[in-house]
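Data block below; observations after.
Rule-based calculations on the coordinates, nothing more; no lab input. Being a predicted model, the structure only gives us computed values, none of them experimental. With ideal geometry, Cβ positions are generated from the backbone for all residues, glycine too; neighbour counts draw on all protein chains shown.
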Amino acid sequence: MFSLASDPIGDYGGEIYQYVGDEMVVTWTVADGRANARPIACLFAIVGALEEAAPEFEREFGVAPRLPAALHAGR
């Protein structure tokens, strides 16, 4: 699943800060994140990639992943 997210993260200028279990922490500088709401656009691009791959996941694993997300800015 992480591989499906890597292209949108690169496309929207994000940087993978760390992996925590099945979680990926992606960061932007405040200035870069504000430009065209890149973190939100990136999230929707990842969701789109997962939706496109859902039939393959369902065939192989019997379920397709869903993506929870959170946005934090500041200290």
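Scanning the range 53-73 for any residue that is closer than 14 Å to residue 2 by Cα, surrounded by fewer than 10 Cβ atoms within 10 Å (Cβ to Cβ) and not small (Gly, Ala, Ser) turns up at least one such residue. Tallying residues that are buried (at least 18 other Cβ atoms within 10 Å of the Cβ) and not β-branched (Val, Ile, Thr) within the range 5-23 yields 4.
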